[in-house]
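See below for the structure under consideration.
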Amino acid sequence: MKIYLDGQFVDKEDAKISVFDHGLLYGDGIFEGIRLYRNCVYRLDEHLERLEYSAKAILLDMPWSREELSELVCESCRVNNLSDGYIRLLVTRGPGSLGLSPNSCPKPSLIIIADKIALYPEECYSEGLSIVTVPTRRTNPAALNPGVKSLNYLNNIMAKIEAAQAGALEAIMLNDQGYVAECTGDNLFIVHKGKMYTPDAANGALRGITRQAVIDIAREQGLEVRECNLTRYEIWNADECFLTGTAAELIPVVKLDSRVIGDGAPGKVTKQLHAAFHDEVISHGTML
Ligand code: PMP
């Protein structure tokens, strides 16, 4: 495997960064997780736009243009002979002194890892996930805005540990007001009486690329989609529930906090949207 690291492709064993990199010292940096489907990088432009927004939010000046980043992502896939896979793009603040201030970091680092994709087990898609709500709250937007895809994922990691302690693969995180924000690495949707609902960004949901794709597909199919406040109560009593994410795509949820959702099996709308999503991934990409 060849990793892109600051201007060159190096072997995995040689892909090393400084212990003074603020990405390591403080989680000071940003990232994207991107899918490659049949030689096409799915919605690459949207991912790079979100990266630019994250960079702006943390006052990190990226010296690379959108076109340069786009080409480097494609080249990373080509160099590794991938036609389907998962790309992790990271921008760290770069090496500096031990103090917090990014003023000591003159040069951000760019890392691109193009790898095979590790998916949820197949039975999670056919039978649906059983998930829980965890005590750790999503960060308040006034502290660290969940819209920033930062390298500091401790908040989500705490929630992921709590999910595992409860025997679940994913978990719902609430925001400070007690409304549903999102899961540790996925966005959440419900279907109720023919309409779809999902927490809005103000509730602490990342503006997921898959989330937006699913909203677009659903609306094209004539479904009404509302971005709004949701509590656990709405999810317990929904007809269907599913999660979206770059790695997960669409994954059904059939139980939350020991309450069976709908009839306890992946729902019709969920299946329909997942099928439509598969059609769309090959038509919305950047060819290698
Ligand atoms: N929320 C969080 C916290 C995530 O880490 C992710 C995965 N990147 C998502 C939602 C889903 O976003 P996307 O569809 O862009 O992968």
Within segment 241-269, tally of residues that are buried (at least 19 other Cβ atoms within 10 Å of the Cβ) and within 19 Å of the chain's Cα centre (by Cα) | 12
Do any strands (runs of 3 or more DSSP E) lying entirely in segment 24-95 carry at least 2 residues that are more than 20 Å from the chain's Cα centre (by Cα) and in contact (Cβ under 8 Å) with a residue 12 or more places away in the chain, and which ones are they?
-> none
Strands (runs of 3 or more DSSP E) wholly in segment 108-216 with at least 3 residues that are open to solvent by less than 20 Å² (accessible area, probe 1.4 Å) and away from the ligand (no atom under 13 Å from the Cβ) - which ones?
-> 109-115
Hey, any hits in segment 61-71 for a residue that's closer than 23 Å to Ala118 by Cβ, among the small types (Gly, Ala, Ser) and either assigned by TED's automatic domain parsing to the domain that holds Asn145 or open to solvent by less than 30 Å² (accessible area, probe 1.4 Å) (or both)?
-> no
Tell me which residues, restricted to segment 125-150, are under 15 Å from the mean Cα position of the chain (by Cα) and within 24 Å of Glu240 (Cα to Cα).
-> Arg138
Does Glu46 satisfy the condition of being within 14 Å of the ligand (Cβ to nearest atom) and acidic (Asp, Glu)?
-> yes
Among residues belonging to segment 84-138 that are out of contact with any strand residue (DSSP E or B) (no Cβ under 7 Å at 6 or more places or on another chain) and of a type in the set (Gly, Ala, Ser), point out the one that is nearest to Ile58 (Cα to Cα).
-> Ser101
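The values are calculated or read from the model by the stated rules, or taken from the named source; none is laboratory data. None of these values were measured; they are calculated from a predicted model. Glycine gets a Cβ as well: all are built from the backbone with ideal geometry, and neighbour counts include every protein chain shown. When the accessible area is computed, the model is the full protein with side chains, heavy atoms only, and any ligands, DNA or RNA have been set aside. Shrake-Rupley method; radii C 1.70, N 1.55, O 1.52, S 1.80 Å.
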